[in-house]
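A.B. asks: The following block contains the structure, expressed as structure tokens.
The values are calculated or read from the model by the stated rules, or taken from the named source; none is laboratory data. The structure presented is a predicted model; accordingly, all values stated were derived computationally and were not measured. Positions of Cβ are backbone-derived with ideal geometry, glycine not excepted, and every protein chain shown enters the neighbour counts.
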Amino acid sequence: MSVVVRESTIHGKGLFAVEDIPWGMKIIEYVGERISDEVAEARIAEGADCIFELRENENIDGASNGNEARYANHRRRKPNCFILREVDRIWIVAGIEGVAKDEEITFDYGSTFYGR
């Protein structure tokens, strides 16, 4: 799928669809450096905000060797995407209504993030 990074009304930069994306379509894989929980916690304490838990003691830091997926922003109400963990990979996937061309790609970061 084609996506582009540009200014977001939600937060800083955002990830936007270049074309209509139907529901269930894998949009982009979340990639980056694979790090342990200990390293992740240390980076988070220093302000890192692109770290995604893959499984116990394995996380992906999208800010280190990552791609545009790190710019998908949080939306608690009516996100248009969801996360799919697939064995050793994390995907951002279009939700039930799909994503319209030029719409910002969003997903719910989860309850532990919500307080931020």
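A.B. asks: Restricting to region 58-84, name every residue that is of a type in the set (S, T, N, Q), surrounded by 19 or more Cβ atoms within 10 Å (Cβ to Cβ) and assigned by TED's automatic domain parsing to the domain that holds residue 98. First the steps, then the outcome.
C.D. replies: Taking region 58-84 as the starting set, the residues that turn out to be of a type in the set (S, T, N, Q) are 59, 64-65, 67, 73, 80.
With surrounded by 19 or more Cβ atoms within 10 Å (Cβ to Cβ) added as a condition, the list becomes 59, 80.
Matches in region 58-84: 80 only.
A.B. asks: Suppose we filter 13, 26 for residues that are out of contact with any Gly (no Cβ under 8 Å at 6 or more places or on another chain), assigned by TED's automatic domain parsing to the domain that holds residue 3 and either without any contact (Cβ under 8 Å) to a residue 60 or more places away in the chain or more than 26 Å from residue 96 (Cα to Cα) (or both); which single one remains? Before you say what the answer is, go through the steps one by one.
C.D. replies: Values: 26 fails: either without any contact (Cβ under 8 Å) to a residue 60 or more places away in the chain or more than 26 Å from residue 96 (Cα to Cα) (or both).
After ruling out the rest, the residue left standing is 13.
A.B. asks: Check region 37-49 and report whether any residue there is touching a Gly at 6+ places or on another chain (Cβ under 8 Å) and of a type outside the set (Gly, Ala, Ser). Outline the logic, then answer.
C.D. replies: Residues of region 37-49 touching a Gly at 6+ places or on another chain (Cβ under 8 Å): none.
For region 37-49, residues touching a Gly at 6+ places or on another chain (Cβ under 8 Å) and of a type outside the set (Gly, Ala, Ser): absent.
A.B. asks: Identify, please: which residue in region 1-22 is of a type in the set (Gly, Ala, Ser) and not in a strand (DSSP E or B) and is, among those, surrounded by the most Cβ atoms within 10 Å (Cβ to Cβ)? Even if it seems obvious, please write down each step before you answer.
C.D. replies: First, the residues of region 1-22 that are of a type in the set (Gly, Ala, Ser): 2, 8, 12, 14, 17.
Right, trim to not in a strand (DSSP E or B) and you get 2, 8, 12.
Values: 2: 11, 8: 16, 12: 9.
Checked region 1-22; the qualifying residue surrounded by the most Cβ atoms within 10 Å (Cβ to Cβ) is 8.
A.B. asks: Is it the case that some residue within region 40-57 is assigned by TED's automatic domain parsing to the domain that holds residue 84, among the aromatic types (Phe, Trp, Tyr), buried (at least 16 other Cβ atoms within 10 Å of the Cβ) and within 20 Å of residue 90 (Cα to Cα)? Steps first, please.
C.D. replies: Of the residues in region 40-57, the ones assigned by TED's automatic domain parsing to the domain that holds residue 84 are none.
No, that holds for no residue.
A.B. asks: Within region 23-31, is even one residue loosely packed, with under 14 Cβ neighbours inside 10 Å, of a type in the set (D, E, K, R) and assigned to a strand (DSSP E or B)?
C.D. replies: The answer is no; no qualifying residue exists.
A.B. asks: While we're on this one: Can you find a residue that is within 22 Å of residue 16 (Cβ to Cβ), of a type in the set (A, V, I, L, M), touching a Gly at 6+ places or on another chain (Cβ under 8 Å) and assigned by TED's automatic domain parsing to the domain that holds residue 24 anywhere in region 85-103?
C.D. replies: From region 85-103, those within 22 Å of residue 16 (Cβ to Cβ) are 90-103; that's our starting set.
Now drop any that are not of a type in the set (A, V, I, L, M), which leaves 90, 92-94, 96, 99-100.
Now narrow it down to the ones that are touching a Gly at 6+ places or on another chain (Cβ under 8 Å): 93-94.
Then drop every residue that is not assigned by TED's automatic domain parsing to the domain that holds residue 24, which leaves 93-94.
Taking every residue of region 85-103 in turn, at least one turns out to be within 22 Å of residue 16 (Cβ to Cβ), of a type in the set (A, V, I, L, M), touching a Gly at 6+ places or on another chain (Cβ under 8 Å) and assigned by TED's automatic domain parsing to the domain that holds residue 24.
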